[in-house]
1. Taking the residues in segment 37-49 that are among the charged types (D, E, K, R) and surrounded by 11 or more Cβ atoms within 10 Å (Cβ to Cβ) as candidates, determine which candidate is modelled with the highest pLDDT.
2. Any idea how many residues of segment 66-87 are in contact with a Ser or Thr (Cβ under 9 Å, 6 or more places away or on another chain), assigned to a strand (DSSP E or B) and crowded, with 16+ Cβ neighbours inside 10 Å?
3. Quick check, is Ile61 closer than 13 Å to Asn78 by Cα, at pLDDT below 80 and in contact with a strand residue (DSSP E or B) (Cβ under 6 Å, 6 or more places away or on another chain)?
4. Return the pairs, sorted by first residue and then second, in which the second residue is in a strand (DSSP E or B) and surrounded by 15 or more Cβ atoms within 10 Å (Cβ to Cβ), the first residue lies in segment 48-74 and is free of Cβ contacts under 8 Å to residues at least 60 places away in the same chain and aromatic (Phe, Trp, Tyr), the beta carbons are less than 9 Å apart, and the residues are 6+ apart or on different chains.
5. Can you list residue pairs whose Cβ atoms sit under 6 Å apart, with the first residue in segment 86-101 being within 14 Å of Val72 (Cα to Cα) and the second being part of a strand (DSSP E or B) and of a type in the set (Lys, Arg)? Count only pairs 6 or more apart in sequence or on different chains.
6. Which one is farthest from Ala90 (Cα to Cα) among residues in segment 46-64 that are part of a strand (DSSP E or B) and acidic (Asp, Glu)?
7. Could you list all residues from segment 88-110 that are surrounded by fewer than 17 Cβ atoms within 10 Å (Cβ to Cβ), out of contact with any Leu (no Cβ under 8 Å at 6 or more places or on another chain) and either among the aromatic types (Phe, Trp, Tyr) or in a strand (DSSP E or B) (or both)?
Amino acid sequence: MKKILTVIAIFGLLMLQSTVHAQSNKMTDEEIQEFKQHQLYLDKPAIEIKDIRYEKDDTPIKGELSEDGAKVIMDGYNKRGRVSFTVHYADGTTEEISRSSCYIDPVMPL
């Protein structure tokens, strides 16, 4: 019985250590701001995007569509909130899209 309790205690400590280590690897907002580009994924490939802007104050954001049409790459995004833009799809449809900062990821340099 003593051995079982010892094994459980050691296992619990190892799990706690890995959880603390994983939480310490999260990036702060300041670290995220240092990335030059950010990206968001589209539900289906597009052929054109227009009028990328912060939804709150209509400030424009410089951005472009990825080569495969699956992502919007933005330069100088600074996590100020929702982003809105117009997207044109290959099937001829047009859609106004709004994404929160939760869906916008930094582009890691290679």
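The values are calculated or read from the model by the stated rules, or taken from the named source; none is laboratory data. Computed from a predicted model, the values in this text were never measured in an experiment. Note that we place each Cβ from the backbone using ideal geometry, even for glycine, and neighbour counts take in every protein chain shown.
1. First pass over segment 37-49, keeping only residues among the charged types (D, E, K, R): 43-44, 48.
Narrowing further to those that are surrounded by 11 or more Cβ atoms within 10 Å (Cβ to Cβ): 44, 48.
On the way: Lys44: 91, Glu48: 95.
That would be Glu48.
2. Kept after step one, since they are in contact with a Ser or Thr (Cβ under 9 Å, 6 or more places away or on another chain), are these residues of segment 66-87: 72-73, 77, 79-87.
Remaining after also requiring assigned to a strand (DSSP E or B): 72-73, 83-87.
Keeping just the survivors that are crowded, with 16+ Cβ neighbours inside 10 Å gives 72-73, 83-85, 87.
Qualifying residue count, segment 66-87: 6.
3. When the stated conditions are applied, Ile61 does not pass them.
4. Qualifying pairs under 9 Å: Tyr54/Val83; Tyr54/Ser84.
5. Pairs that qualify, where the first residue is within 14 Å of Val72 (Cα to Cα) and the partner is part of a strand (DSSP E or B) and of a type in the set (Lys, Arg), are Thr86/Lys50.
6. Of all residues in segment 46-64, those part of a strand (DSSP E or B) come to 46-54, 60, 62-64.
Right, trim to acidic (Asp, Glu) and you get 48, 51, 64.
Working: Glu48: 9, Asp51: 18, Glu64: 16 Å.
The residue in question is Asp51.
7. Matches in segment 88-110: His88, Tyr89, Thr94, Glu95, Glu96, Ser98.
For every residue, the table says whether it meets (1) more than 13 Å from the chain's Cα centre (by Cα); (2) modelled with pLDDT under 85.
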residue: Ala9; (1), (2): yes, yes
residue: Leu14; (1), (2): yes, yes
residue: Gln23; (1), (2): yes, yes
residue: Val72; (1), (2): no, no
residue: Ser84; (1), (2): yes, no
residue: His88; (1), (2): yes, no
residue: Ser100; (1), (2): no, no
